[in-house]
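The values are calculated or read from the model by the stated rules, or taken from the named source; none is laboratory data. None of the values given here were measured: they were computed from a predicted structure. For neighbour counting, all protein chains shown are included, and Cβ atoms are generated from backbone atoms with ideal geometry for every residue, glycine included. To get the accessible areas, we keep the full protein, side chains included, count just its heavy atoms, and leave off ligands, DNA and RNA. Shrake-Rupley method; radii C 1.70, N 1.55, O 1.52, S 1.80 Å.
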Amino acid sequence: MNAVGIDVSKNKSTIAILRPFGEIVAKPFDVKHTSSDITYLISQLKSLNGDTRIVMEHTGRYYEPMAQWLSDAGLFVSAINPKLIKDFGNNTLRKVKTDKADAIKIARYTLDNWCELKPYNNTDELRRQLKNMNRQFDFYMKQKTAMKNNLIALLDETFPGINTFFDSPARNDGSQKWVDFVTIFWHVDCVRRQSISSFSERYQSWCKKKKYNFQSQKPNDIYEFSHDLIATLSKDNVTKLLIQQAVDQLNIASKNVESLRLLMNQTAAKLPEYPIVLDMAGVGTTLGPQLIAEIGDVSRFSHKGALTAYAGVDPGANQSGDYEQQSVRTSKRGAPQLRKTLFLIMDSLMKLAPPDDPVYGFMMKKRAQGKDYYVYMTAGANKFLRIYYGRVNEYLSSLTS
């Protein structure tokens, strides 16, 4: 039994190799993430006598190239949740945190959990691309939210509340009606310093040019609204420049979001489970690809509980002697991005209120029992994942039969 513990960092990995009863096969050594060093490491590991198992933590993205290289070489590789390694016991009172110490600790964990180790699942290129796109989508969504809040903060000093007059969703090119409006009418004086007929005519011409629906009452409402407003920034070139810069930055972020949204949906549509996932209530062309990206190949989970544990929405347990806690917090030790997607799906279900959906009915039952908001939302996410596991596995099995 050769237990190989690998502590992965950005540009190098630290490797320790142990055998039972504390036998040291190789003291911790560093391997750079280059083809020559990795090839040499593979040859060294294959030359070891006996069964060899490699364990590393799946932290961020750094571990993936190393895990993929070693797995493709025919070696047994297992990627472990860092929380399991952290909680693994230390037989010392000293607090040591070095790459070498971590590599040895991982190797010791490998020996103690030899039979329970699960092989690394080398996901296909399509799923890897989809997951990377989802990470970029989340990044640009945060940027878009920040840019939107920045623009609204500026408008609160030039045309406060104008963004609330428009509720049209973003177009495929990322443009939004309220953003296009304030590009032209960026200050309250751009509206109220002209007559109502002149503004209405200009607004109608703007809608036609931008291909937005024109509502005859809208210009009147905006015009009346503008007369009661107080602008704290004057209508000058400096203020206009600030607004235009904020608009440009928001448009860039919004364009990136919409292009990624479309690309993710096109990529997810190539996967076999796509139709059955999008058929589930609360899941659309945005959340569906995100859900598939974060779960990956559902066949890598041995049972429903493994999937809920991976997401971190599995119920905990607290029992000692005659005492048993009835309500225990969920673990939250799984994939945070998946939990975020699940929460958005649950929120969508609560808004849609599909009458015959089992997940929505389950959440309403929990709410009727007086459960806290986060309690019944998390319970709904748990039930949703269990249904997801069953439906997707059944559908995939029908394709191969």
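Just a few scattered comments:
- Values of log10 I(q)/I(0), in the order q = 0.08, 0.09, 0.10 Å⁻¹, for the chain under a Debye, Cα-only, solvent-free model: -0.64, -0.76, -0.88
- Degrees between helix 373-400 axis and first principal axis of the chain (Cα, 0 to 90, nearest 10): 70
- Share of carbon and sulfur in the accessible area of segment 237-279 stands at 57%, probe radius 1.4 Å.
- Mean separation of Cα contacts under 8 Å, 6 or more apart, over the residue count of the chain: relative contact order %: 13
- Taken about its Cα centre, the chain carries a charge dipole of roughly 360 debye when the Cβ of each Lys and Arg holds +1 and the Cβ of each Asp and Glu holds -1.
- Potential extension, Ala281-Phe76 segment - 0.36 nm per residue separation minus Cα distance: 69.9 nm
- Pairwise Cα separations in segment 344-393 fall into 10 Å bins from 0 onward with the following percentages, short to long: 28, 57, 14, 1.
- Residues Asp138, Asp30, ordered by accessible area of protein heavy atoms at a 1.4 angstrom probe radius and largest first, appear as Asp30, Asp138.
- Among Pro219, Pro336, Pro28, residue whose mean-square fluctuation peaks in a GNM of the chain (springs only between Cα atoms under 10 Å): Pro219
- FRET efficiency estimate (nearest 0.05) - Cβ-Cβ, Tyr40 to Asn213, R0 56 angstrom: 0.30
- Packing, taken as the mean count of other beta carbons within 10 Å per residue, orders the peptides 345-357, 185-197 from highest to lowest as 185-197, 345-357.
- Apportionment of accessible area to carbon and sulfur, segment 59-206, percent (1.4 Å): 50
- Computed from Cα atoms, the angle from the helix 125-155 axis to the main principal axis of the chain rounds to 40 degrees.
- Accessible area per residue for the chain is 55 Å², calculated with a 1.4 Å probe on protein heavy atoms, without ligands, DNA or RNA.
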